[in-house]
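Working notes, beginning with the structure itself.
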Amino acid sequence: MKSNPGKTTPEDVLLEGNRFVRACLRKPVDRTPVWFLRQAGRYMQEYRDVRKHHTLVEICKQPELAAEVTITAAEKLGVDAAIIFADLLLPLEPMGLPFEFQAGEGPVVHQPVRTSHDVAVLHTDRTDQLEYVARAIQKVAAHFGDRLGIIGFCGAPYTLASYMIEGGGSRNYIHTKQLMYGESASWRTLLDKLVVVLTEYCKQQVDAGADVIQIFDSWAGSLSVTDYRDYALEASTRLVRAVQAMGVPVIYFGVETTGLLSAMASTGADVIGLDWRQPLDEGWHAVGHTRAVQGNLDPITLFAPLEILEVRVKEILRAAAGRPGHIFNLGHGIVPGTPVEHVQEVVKMVHKYRE
Ligand code: CP3
């Protein structure tokens with residue numbers, strides 16, 4: 001609330017709301033907002049210390065711990081947004097698909113979905129079991145107030161379906177595509193069920209204080225443009241629209257999506273996350289300048305000497321050309337072993353940058 005609305009200066013207008021949410025809505029900002037995909041993770045000593053005593057899923061399920069990990073990372077880096085510490089796969093459990101993280105192998109779903117019967121028995125009415133994520137968001141929101149943007153997230157229907165069907169990560173997505181092409185009625189039912197669960201899950205997060213929802217379609221790049229349009233786009237669009245109807249902007253992100261960007265933008269998402277394979281201006285052109293974009297430094301550039309890192313960071317900022325609606329980020333998640341000081345330096349470089 002402004003104490004003296006008659007004396008609002010242009011600077012005040014630039015600071016109303018936080019700069020991350022403003023950029024999502026393509027409003028002018030005082031400086032480019034920045035945060036990092038996987039900003040809380042194993043590259044950070046504080047996270048490794050918590051992980052010595054708890055599994056990944058334990059951290060996610062204990063709101064106190066999830067909030068602590070989220071807050072510590074955002075404060076240590078000095079970023080403009082905090083993404084809630086959780087994992088993409090958490091909604092699988094209340095749908096009836098238990099999974100675990102196996103050291104060095106990533107997630108493993110014990111009984112992957114392969115048949116129409118497997119799809120038919122998936123639950124959609126147990127999403128209240130995910131309330132622990134909303135409780136963690138409440139704690140983060142109480143801590144930061146309006147200072148930072150708070151990001152809730154979920155997987156996109158296609159990406160979560162592919163995890164459910166493959167049972168883990170995949171190289172060629174053969175089982176996923178077999179079901180998609182061969183059992184298209186079951187495929188549609190699976191995506192419909194996911195949209196129901198994910199909409200409810202996002203609603204819990206928004207009600208708890210998430211300012212923005214990011215939808216990760218991490219494996220969308222495994223689809224041709226035609227298959228993306230025929231088999232994934234409609235369900236993503238429904239989810240994007242349902243979340244926007246809750247009153248928050250949506251960031252929609254995928255990897256290896258160079259050919260998919262205009263189709264992804266047609267979901268209506270407010271912000272499209274760009275991976276690092278394409279110059280930011282080309283990606284933004286494909287998305288269209290009526291949308292904001294987020295990205296897109298190659299996360300491995302964080303291992304480069306600072307002089308080179310700075311050249312790359314400035315290249316991205318220059319490509320954004322001062323247009324409203326750029327959120328600086330990586331083109332994919334921070335990897336273990338990344339020097340934390342380099343991540344902190346990038347924040348300073350972005351905040352210092354002037355046209
Ligand atoms: O700081 C943050 O970004 C928030 C936390 C977050 C995690 N997972 C915690 C996590 C987020 C946003 C995710 C999303 C997620 N999870 C995605 C989408 C993002 C992307 O990379 O495209 C995906 C595909 C997953 C599934 C997943 N979780 C995999 C494949 C793995 C194993 C890979 C690895 O790095 O080991 C995870 C594990 C995971 N989720 C870790 C973290 C911090 C690292 C493992 C650990 O702490 O044991």
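The values are calculated or read from the model by the stated rules, or taken from the named source; none is laboratory data. All of these numbers come straight from a predicted model, not from anything done at the bench. Neighbour counts run over all protein chains shown; Cβ positions are idealised from the backbone, glycine included.
Out of all the residues in segment 202-222, which are surrounded by fewer than 24 Cβ atoms within 10 Å (Cβ to Cβ) and of a type in the set (Phe, Trp, Tyr)?
Residue satisfying the conditions is 216 alone.
In the set 17, 78, 41, which member is in contact with a Pro (Cβ under 8 Å, 6 or more places away or on another chain) and either modelled with pLDDT of 95 or more or away from the ligand (no atom under 16 Å from the Cβ) (or both)?
Matching residue, one of 17, 78, 41: 41.
Report every pair of residues separated by at least 6 positions or lying on different chains whose Cβ atoms are under 6 Å apart, first residue within segment 314-333 and closer than 21 Å to residue 28 by Cβ, second hydroxyl-bearing (Ser, Thr, Tyr) and part of a loop (DSSP other than H, G, I, E, B).
317/353; 326/32; 328/32
For segment 210-243, give me each residue that is among the polar types (S, T, N, Q) and either in contact with a strand residue (DSSP E or B) (Cβ under 6 Å, 6 or more places away or on another chain) or assigned to a loop (DSSP other than H, G, I, E, B) (or both).
214, 218, 224
Filter segment 311-341 for residues that are outside any loop (DSSP other than H, G, I, E, B) and surrounded by fewer than 16 Cβ atoms within 10 Å (Cβ to Cβ) and give the result.
311, 314, 315, 318, 341
For segment 104-133, give me each residue that is assigned to a loop (DSSP other than H, G, I, E, B), hydrophobic (A, V, I, L, M, F, W, C) and in contact with a helix residue (DSSP H, G or I) (Cβ under 7 Å, 6 or more places away or on another chain).
Those that are assigned to a loop (DSSP other than H, G, I, E, B), hydrophobic (A, V, I, L, M, F, W, C) and in contact with a helix residue (DSSP H, G or I) (Cβ under 7 Å, 6 or more places away or on another chain): 113, 122.
Could you list all residues from segment 81-109 that are without any contact (Cβ under 8 Å) to a residue 24 or more places away in the chain and more than 14 Å from the ligand (Cβ to nearest atom)?
Passing the criteria: only 98.
Just one of 153, 101 is at pLDDT below 95, of a type in the set (Phe, Trp, Tyr) and in a strand (DSSP E or B); which is it?
Step by step, each of 153, 101 is checked, and only 101 is at pLDDT below 95, of a type in the set (Phe, Trp, Tyr) and in a strand (DSSP E or B).
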